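Structure record follows, encoded as structure tokens.
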Amino acid sequence: MPGFQVDGNNVLEVYEKAGEAIERARRGEGPTLLECLTYRWYGHHEGDPGVAYRTRDEIAAWKERDPVKKLKEDAIAAKTLTAADFENVDTEIAAVLEDAAQFALASALEDESTALRHVYHSAAD
């Protein structure tokens, strides 16, 4: 199986290699392994500051490579999109999220008896 290692913080590189993998699969040539190298900014779990095993400077350096920020900066520099275009997208996304949150808050809660439904499967099922 072919595999590629890509900069997981480079949206366009990931997009390109994923597209190649999709086309390969659609041609019936099987799967492709994409290893997207990136960095976890936060700790392993809620409450883990993530600084016992790495420095704050290291984390800050990786945050400077934020893939969304880099894509935005590159698109503006290439004059592909404008800052206003990104502001419009942010506004649209905020509205979609607000609608989803309001829908969830207004929806009835599921009966607690359904809490474990579809969580696991046993051979007896």
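Observations, loosely collected:
- Computed from backbone phi, the HN-Hα couplings of region 45-59 come to 8, 4, x, 8, x, x, 10, 6, 10, 7, 8, 5, 5, 4, 4 Hz, rounded to whole numbers (Karplus: 6.51 cos²θ - 1.76 cosθ + 1.60, θ = phi - 60°; Gly and Pro given as x).
- Along the chain, the exposed loop sites are GluC sites (Glu not before Pro) outside DSSP states H, G, I, E and B with at most 14 other Cβ atoms within 10 Å, and the longest stretch free of them is 65-109.
- Charge tally around Trp62: other residues with Cβ under 14 Å, Lys/Arg +1 each, Asp/Glu -1 each, net +2.
- Exposed loop sites, defined as chymotrypsin sites (Phe, Trp or Tyr not before Pro) outside DSSP H, G, I, E and B with at most 16 other Cβ atoms within 10 Å, are absent from the longest region of the chain, namely 54-119.
- The trypsin sites (Lys or Arg not before Pro) found in region 19-125 that occupy coil by DSSP, while having at most 14 further C-beta atoms within 10 Å, are Arg27, Arg40, Arg54, Arg65, Lys79, Arg117.
- Phi angles across region 72-81 convert, under the Karplus curve 6.51 cos²θ - 1.76 cosθ + 1.60 with θ = phi - 60°, into 3J(HN,Hα) values of 4, 4, 5, 5, 5, 4, 7, 6, 6, 9 Hz, Gly and Pro given as x.
- Under 18 Å from Lys63, Cα to Cα: aspartates and glutamates that are on another chain or at least 8 residues apart: Asp7, Asp48, Glu73, Asp74
- Amide H partners (placed H, <5 Å) of Val6, local residues excluded: Glu35, Cys36, Leu37
- Which of Asp66, Asp7, Asp90 has the fewest Cβ neighbours within 10 Å, and the rest in rising order: Asp90, Asp66, Asp7
Each value in this text was obtained by applying a stated rule to the coordinates, not by laboratory testing. Bear in mind the structure is a predicted one, so any value in this text is a computation, not a measurement. In this analysis, Cβ positions are derived from the backbone assuming ideal geometry, glycine residues included, and neighbour counts consider all displayed protein chains.
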